[in-house]
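Before any comments, here is the structure.
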Amino acid sequence: GAGVSQSPRYKVAKRGQDVALRCDPISGHVSLFWYQQALGQGPEFLTYFQNEAQLDKSGLPSDRFFAERPEGSVSTLKIQRTQQEDSAVYLCASSLSTGPTYEQYFGPGTRLTVT
Amino acid sequence: RKEVEQDPGPFNVPEGATVAFNCTYSNSASQSFFWYRQDCRKEPKLLMSVYSSGNEDGRFTAQLNRASQYISLLIRDSKLSDSATYLCVVNPNNAGNMLTFGGGTRLMVKP
């Protein structure tokens, strides 16, 4: 079946612009995660949803970052007033349910470049 | 200190070689451990979970040492297709939400 999809795959933004990144999780997956991966680094957790509830946003680096999942399926990560340090790959993952036995499936990511 | 630390490599090995990676984690209360594989410019994919008793999947063997807080991955009979970055991953709170990734170890298998 279809995996996790993300759009756009690539985004170039001028510093100061707002961007919105979309994630379509696997159908029926309750949990949705956002991670940020800088070049040459491992992914770092940003935020987590269980259905429409945002249960953990401890990884969001600043109040310029905002995520939502209003209907418990598609999620959007919004970055306001982008800065050069926001340049990274933003990965979305979903899992069938919560708990460590449920594998997280990752999407292909959105590569954001802030110029 | 990072929560999960790995040697970034690269490890350059010939086909057929055996190669081992280790990683260490700082949160002694962590309960769940994984190895993910990430190909260049692709998303991470689960390679295997790591259990206390150790586990094997074909040419891959993972082990956990809770006392020393390290996790290992052994790859036997390396194939060219094993070339990738291997990410050591810990679920620090066992609640199934966030994963904490190491920086990854790059493996290059040469003919």
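The values are calculated or read from the model by the stated rules, or taken from the named source; none is laboratory data. Given the structure is predicted, the values throughout are model-derived calculations rather than measurements. Reconstructed Cβ throughout: ideal geometry from the backbone, glycine too, with neighbour counts over all protein chains shown. These area figures cover heavy atoms from the full protein model, side chains too; ligands, DNA and RNA do not enter into them. Shrake-Rupley method; radii C 1.70, N 1.55, O 1.52, S 1.80 Å.
Observations, loosely collected:
- Pairwise centroid distance, computed over Cα atoms, of the stretch B:2-35 with the stretch A:37-115, Å: 24 Å
- Efficiency of FRET from Cβ geometry, B:GLN69 and A:TYR102, R₀ 30 Å, rounded to 0.05: 0.80
- The protein assembly as shown: Cys lacking any partner C-beta under 4.7 angstrom: B:CYS40
- Averaging the sequence gap over all C-alpha pairs within less than 8 Å and six or more residues apart, then dividing by the number of residues, gives chain B a relative contact order of 38 percent.
- Size of electric dipole in the stretch B:26-111: Cβ of Lys, Arg +1 and of Asp, Glu -1, about Cα centre, debye, nearest 20: 220 debye
- Selection from B:MET98, B:TYR25, B:SER78 lying farthest towards where the dipole of chain B points positive, charges on Cβ: B:MET98
- Remark: mean inter-chain Cβ contacts per residue of A:41-50 equal 5, using a 10 Å Cβ-Cβ cutoff to other protein chain atoms.
- Shape analysis of the protein assembly as shown yields a ratio of the Cα radius of gyration to the Kirkwood radius, Rg/Rh, of 0.98.
- Inter-chain shielding of B:98-106 (mean C-beta neighbours from other protein chains, 10 Å cut-off): 5
- Heavy-atom surface of chain B, accessible at 1.4 Å and reported per residue (Å²): 48 Å²
- Rounded to the nearest 10 Å², the accessible area of B:LYS110 at probe 1.4 Å: 90 Å²
- The trypsin sites (Lys or Arg not before Pro) of the stretch B:48-85 meeting both criteria, a DSSP state outside H, G, I, E and B (loop) and at most 13 other C-beta atoms within 10 angstrom of the site's C-beta, are B:ARG59, B:ARG66, B:LYS79.
- The relative contact order of chain A comes to 36 percent, based on Cα pairs under 8 Å that sit 6 or more residues apart.
- Out-of-range pairs (alpha-carbon distance over 32 Å; input A:LYS14/B:LYS110; A:LYS78/B:LYS42; A:LYS11/B:LYS79; A:LYS57/B:LYS79; A:LYS57/B:LYS110; A:LYS78/B:LYS110): A:LYS14/B:LYS110; A:LYS11/B:LYS79; A:LYS57/B:LYS79; A:LYS57/B:LYS110; A:LYS78/B:LYS110
- Bridges between two residues of the protein assembly as shown, per DSSP, are antiparallel at a rate of about 90%.
- Heavy-atom accessible surface of chain A: percent carbon and sulfur, 1.4 Å: 47 percent
- Accessible area buried between chains B and A, both sides summed, probe 1.4 Å, in Å² to nearest 100: 1600 Å²
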